[in-house]
Amino acid sequence: MHSTHAHAPIGTPSAWVARFSPLAPAGEVLDLACGSGRHARLFASMGHPVLAVDRDAAALARLAAFGDLGLITLQHDLEAAPPAAAAGGQGDAAWLFSAGRFAAIVVTNYLYRPTLAAMLASLAPGGLLLYETFARGNERFGKPSNPDFLLTPGELLQLAMQATPPLRIVAFEDGHVEAPAPAMVQRLCALKPGGAGAATAWPRI
């Protein structure tokens, strides 16, 4: 079963991601289910090496022109069951990335719960997690409407608090938005404890 995810117009980063992106420490950024690559391009323009992952080959092909910014693409189905001998597999989720690899991970408009624990493990000490996706109640406004792809109340907050070690919550929102379209969403900005390279300056808001 594949989760439903939609992406904002090409070249338009999420306001949430753009707001907190300065908190990312130096290092590699993972743009998970990157779609058009709007956030991959944002972090690459900030000087980060970026790995942009999606199952859509056509979307990734449009990102090839940004390779000179340190942006690498990987076509991969995050929801595919890996071969029995595949290295790095996490349960039934095809998770390919080692623990502590990424200085920041950004996920928008995508939810596949079997990967969440492995995703948090791949965040380096001091690393930044930016997550924004649809929540229960969004069925009133359109797709996604399947509860498998909608966060329950406070689910992102619980995810961060139950991580090992618990993430430091910078900001969290859970509710109705009107832009870019009416929807119910949750948004999380959190930092993994530790790491000498962790960002110390807060973004201007």
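Can you tell me the length gained on complete extension of the stretch Gln158 to Phe172, counting 0.36 nm per residue apart and subtracting the Cα distance? Provide the component values of the computation, followed by the final result.
Details: separation 14, 0.36 × 14 = 5.04 nm, distance 1.09 nm.
In short, 4.0 nm is gained.
Whole-Hz Karplus ³J(HN,Hα) for the stretch 107-119, in order, using 6.51 cos²θ - 1.76 cosθ + 1.60 and θ = phi - 60°, x for Gly and Pro?
For the stretch 107-119, the Karplus curve yields 9, 9, 6, 8, 8, 9, 4, x, 8, 5, 5, 5, 4 Hz.
Hey, can you grab everything whose amide H is under 5 Å from the amide H of Leu71? Only 5+ residues off in sequence or another chain; H modelled, so Pro and N-termini drop out.
Counting only residues 5 or more places away or on other chains, the set is Val50.
Using a simple spin-label model with points 7 Å from Cα along the Cα→Cβ vector, what separation in nm is obtained for Asp77 and Ala26?
4.0 nm
For the stretch 92-137, what class follows from the C-alpha gyration tensor (a ≥ b ≥ c being the square roots of its eigenvalues): rounded when a/c is under 1.5, otherwise prolate if a/b is larger than b/c, else oblate?
Numbers: a/c = 2.78, a/b = 1.38, b/c = 2.01.
Taking the square roots of the gyration eigenvalues as a ≥ b ≥ c, the stretch 92-137 is oblate.
Want the number for Ala65 to Arg140: 0.36 nm per residue separation, take away the alpha-carbon distance, what's left?
Details: separation 75, 0.36 × 75 = 27.00 nm, distance 3.85 nm.
Stretched fully, the Ala65-Arg140 segment lengthens by 23.1 nm.
Every number in this text was worked out from the coordinates using simple rules, so none of it is lab data. Nothing here was measured: the structure is a model prediction, and the numbers come from that model. Note: ideal-geometry Cβ built from the backbone for every residue, glycine included; neighbour counts use all protein chains shown.
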